[in-house]
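The values are calculated or read from the model by the stated rules, or taken from the named source; none is laboratory data. Computed from a predicted structure; not experimentally measured. Cβ coordinates were reconstructed from backbone atoms using ideal geometry, including for glycine residues, and neighbour counts include every protein chain displayed.
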Amino acid sequence: MADDYPGVDTFVEDTAEDIAKMEIRGAATIADAAAEALAVQADRSDAATPAAFRAQLRAAARRLYETRPTAVSLPNALRYVLQGIDGETVSELQESTITRAEEFQVDLEQAQERLGEVGANRLRDGDVVMTHCHSTDALSCVEAALDAGKHVEAIVKETRPRKQGHITARQLQEWGVPVTLVVDNAARRYLDDADHVLVGADSIAADGSVINKIGTSGLAVNARERGVPVMVAAQTIKLHPDTMTGHTVAIEMRDETEVLSEAERADITGGNPADEGLVVENPGFDVTPPRYVDAIVTERGQFPPESIVTLMRELFGDTTAEPWEA
Ligand SMILES: O=P(O)(O)OC[C@H]1O[C@H](OP(=O)(O)O)[C@H](O)[C@@H]1O
């Protein structure tokens with residue numbers, strides 16, 4: 001692996017592995033870790049020339065980019081850092097990279113806080129939210145509502161196969177929010193008790209489609225049928241610039257062992273674990289069409305999904321190059 005990415009620091013390598021293994025996960029958290037990794041790459045660089053420095057940084061960005069395909073916050077973070085660096089000497093470039101990465105991390109934190117305040121306006125005292133997976137953007141809306149003195153309760157979907165609903169439940173419990181944990185299959189039944197569906201996003205497409213953890217689209221369709229509004233909390237780094245020119249968002253297919261252990265497979269196939277007649281599909285994400293989404297909440301205000309393209313044009317212009325082509 002190291003030979004494919006010459007001059008890439010071990011910290012970048014470790015961060016990339018952690019992202020790939022989902023020890024670092026969640027779109028905003030991944031973006032933050034990627035910016036940090038570029039800063040460390042710059043700080044530890046042994047490059048003798050500015051050109052060599054830039055080549056190492058581009059290789060580091062490529063290594064990080066190739067970990068997971070769906071959350072656009074990752075390439076957006078890499079692009080932000082790479083496009084902003086400036087300097088004539090290696091030490092100027094080092095300093096500039098570190099400053100730019102720090103700026104990104106501060107902006108990310110502030111954006112999430114502002115987004116939380118915007119989202120909290122949609123939550124009334126006593127409301128019940130139904131959550132899916134674990135999203136720090138979605139939770140920041142609950143946190144801001146609590147800070148404003150509102151009582152909020154939550155119905156938390158377990159979110160198979162990795163059960164990231166448990167992370168959400170733990171966080172809400174720490175904040176004193178009463179939690180009802182349900183298996184994914186029970187969501188429709190419990191929608192009658194919910195005032196909002198509140199989810200995050202890994203990417204938002206130019207037509208307002210929301211790409212989020214597998215199961216979001218079914219939840220949104222059921223919510224529409226039950227008359228429960230669907231609120232998507234997504235900082236603007238979740239906006240996918242390539243979709244403005246018609247590209248689709250790649251959906252990550254994950255390992256089958258997240259769904260079926262080897263022993264379970266053997267049990268189904270009668271002791272033949274290599275049986276090719278049994279295929280397990282494990283997509284990490286799905287696409288919720290804009291008509292099932294009531295509002296996309298960002299740090300710049302809330303938008304009907306159909307109008308998000310205006311914000312995308314303003315923020316990204318025609319930028320669609322790969323991060324290292326910046
Ligand atoms: O940026 P924040 O709001 O924290 O998370 C956004 C989304 O990232 C997660 O993906 P994964 O768990 O990394 O596959 C979930 O799909 C979540 O809704």
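Worth a mention:
- So Asp184, is it away from the ligand (no atom under 16 Å from the Cβ) and either among the acidic types (Asp, Glu) or farther than 17 Å from Val128 by Cα (or both): no
- Among (1) more than 13 Å from the ligand (Cβ to nearest atom); (2) closer than 23 Å to Gly284 by Cα, the one test that Leu139 misses: (1)
- Test: residue in region 93-100 that is surrounded by fewer than 15 Cβ atoms within 10 Å (Cβ to Cβ) and more than 16 Å from the ligand (Cβ to nearest atom): no
- Qualifying residue in region 245-256 (condition: more than 16 Å from the ligand (Cβ to nearest atom), acidic (Asp, Glu) and over 17 Å from Phe303 (Cα atoms)): yes
- Residue satisfying all of: in region 254-272; outside any helix (DSSP H, G or I) and surrounded by 13 or more Cβ atoms within 10 Å (Cβ to Cβ); modelled with the lowest pLDDT among these: Thr269
- Test result for Thr131, modelled with pLDDT of 95 or more and within 14 Å of the ligand (Cβ to nearest atom): yes
- Residues of region 106-138 satisfying the condition of being surrounded by fewer than 18 Cβ atoms within 10 Å (Cβ to Cβ) and of a type in the set (S, T, N, Q): Gln110, Asn121
Yes or no, residue by residue, for (1) assigned by TED's automatic domain parsing to the domain that holds Thr236; (2) out of contact with any helix residue (DSSP H, G or I) (no Cβ under 9 Å at 6 or more places or on another chain); (3) among the hydroxyl-bearing types (Ser, Thr, Tyr):
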residue	(1), (2), (3)
Arg62	no, no, no
Ala71	no, no, no
Gln110	no, yes, no
His132	yes, no, no
Asp137	yes, no, no
